[in-house]
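Everything below concerns the one structure shown next.
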Amino acid sequence: MKKIVAGALLAAAAMPAHAETVVITADRMVDVLAGKVIEQPVIIATDGRIVSVGRQGSVTFPEKAKRIDLAGKTILPGLIDMHVHLEANPKYGGYTNLQFTDMFWTVQGVGNARAMLDAGFTTVRNLGTFDYADVAYKQAIEEGLMIGPRIVPAAYAIGATGSHCDSTYLPPSYKSKSPGVGDGPQEVRQRVREQRKYGAEVIKICATGGVFSRNTEPGQQQMAEEELRAIADEAHLWGLKVAAHAHGAAGIKAAIRSGIDTIEHASLIDDEGIKLARERGAWLSMDIFNTEYTQAEGKNNGVLEDNLRKDREVAQIQRDNFRKAHAAGVKMVFGSDAGVMPHSTAGGQFRYMVEYGMTPMEAIQAATRNAAQALGREKDVGAIAVGRYADIIAVDGDPLANVRQLEQVATVIKGGEVVKD
């Protein structure tokens, strides 16, 4: 067997799998399915997928296998962020983005994809973009032309005219309107079909107003329940899941009643909404970290005062409701809304998830096991388990004792290839 340290295996994230076997060893492994730590683990992967998980000393290493030796490290499954915007850049808020040409946003998003991967997120769900940029990133990564995580693209977010998902910053003379806008059940069904046609693997909608749009308030419900139900029914017909941007209590409850799969933000959820989410099995994805960046840097980055006001008004309420929903047993996943803050800092949310009620294991499971369940991709990602991709990260120390270890990921392996060392 050839023994090669991790650094010698540094390779492009999207390199196609080849018929070689890799043996990965470390000091400890977080088993997110069993909720425990395994000492001295050994993982064997062939063609990018795991074929064996055991303990060192009890497993015979295949001959001629390459070895990734992560001595002194704790390994975990590659992380999953269920809410990112790869084409967004928080450095340019308000009207400052008008200084760039249209394709600037797609081009600079290439670096954001790499930043997410380097931060340990080997899978991301991109919830809303322009010009199908997220579909393009996914295709480029799979073709080996770009380095980044596995991407679940949503393409254009769907919303009503004038909603958070519409283009709201320009005057009428520009006739600016998002291609994702639809009014009435039949139009929104058509928008679902269009997004799927051009590569969407999840449908993103705006049930309520938002923080970073103009002329909307987070608490406002902005789509009728019959429209929400039409979207959910149409998406599910095509085998797609639906994620609803929903800050306000009424919009959250309407989305859950309509059968929508994940509720994004859920800032102003009330007791009735929490009860409904638990009963219907809806997942909550609550971005309780990014306000720190928005309030510290937003004004300098050009974010309008009205947007900063809305962020201030919902931030602490959202964190308190995160604690309440978790205590009530609602299913929860990790969603950072990266792009509101720098993508490289997404791991900072683990600290706040623990501060507001989760154990470190529960926070890690939200970004691995739970996220894979919510995606419907339990056979591929979310755990170090036989049959799944060999997507593995390594950190120093014990993240179950100090979850902030996840803010500094030392090694990232994607499909059995070391992509960060």
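Details
- Flagged links, alpha-carbon separation over 28 Å, of 204/379; 175/197; 204/310; 241/275; 253/414: 253/414
- Under 19 Å from residue 66, Cα to Cα: aspartates and glutamates that are on another chain or at least 8 residues apart: 20, 27, 47, 391, 417, 421
- Residue 60 - accessible surface, heavy atoms, 1.4 Å probe, Å² rounded to 10: 120 Å²
- Length released on extending from residue 324 to residue 183, taking residue separation times 0.36 nm less the Cα-Cα span: 47.3 nm
- Mean separation of Cα pairs under 8 Å and 6 or more residues apart, divided by the residue count, gives segment 141-231 a relative contact order of 33 percent.
- Taking the Cα centre of segment 252-370 as origin and assigning +1 to Lys and Arg Cβ atoms and -1 to Asp and Glu Cβ atoms, the resulting dipole is close to 340 debye.
- Between 326, 85, 164, the residue with the greatest mean-square fluctuation in the GNM of the chain (Cα pairs under 10 Å linked by springs) is 326.
- Across the chain, C-alpha contacts under 8 Å between residues 6 or more apart give a mean separation that, scaled by the residue count, equals a relative contact order of 21 percent.
- Placing unit charges on each Cβ (+1 for Lys and Arg, -1 for Asp and Glu) gives the chain a dipole about its Cα centre, and among 29, 397, 325 the Cα reaching farthest toward its positive end belongs to 29.
- Accessible-area composition of the chain, carbon plus sulfur, in percent [1.4 Å probe]: 50 percent
- For residue 299 and residue 51, a Förster radius of 41 Å and the Cβ-Cβ distance give a FRET efficiency of 0.20, rounded to the nearest 0.05.
- Percentage relative contact order, segment 84-206, counting C-alpha pairs under 8 Å, at least six apart: 24 percent
- GNM result for the chain, Cα springs below 10 Å: residue of 255, 315, 207 fluctuating most strongly: 315
- Here the peptides 377-390, 98-111, 115-128, 301-314 are ranked by packing, the mean other Cβ count within 10 Å, and the order with the highest first is 115-128, 377-390, 301-314, 98-111.
- Based on the Stokes-Einstein relation at 10 °C and a viscosity of 1.306 mPa s, and on the Kirkwood radius from alpha carbon pairs, segment 15-136 is assigned a translational diffusion coefficient of 92 µm²/s.
- Residues of the chain: accessible area per residue with a 1.4 Å probe, Å²: 39 Å²
- Helices of the chain meeting both criteria, an alpha-carbon length of 20 angstrom or more along the long axis and an average Kyte-Doolittle score not below -1.0, with helices taken as full DSSP H segments, are 104-118.
- Cα gyration tensor shape for segment 314-421, rounded if a/c is under 1.5, else prolate or oblate: prolate
- Efficiency of FRET between residue 175 and residue 278 - r from beta-carbon atoms, R0 51 angstrom, step 0.05: 0.70
The values are calculated or read from the model by the stated rules, or taken from the named source; none is laboratory data. Just so we're clear, the structure is a prediction, and the values are computed from it rather than from any experiment. When we count neighbours, we look across all protein chains shown, and the Cβ atoms used for this are built from the backbone with ideal geometry, even at glycine. Note: accessible area is taken over every heavy atom of the protein model, side chains too, but ligands, DNA and RNA are not part of it. Shrake-Rupley method; radii C 1.70, N 1.55, O 1.52, S 1.80 Å.
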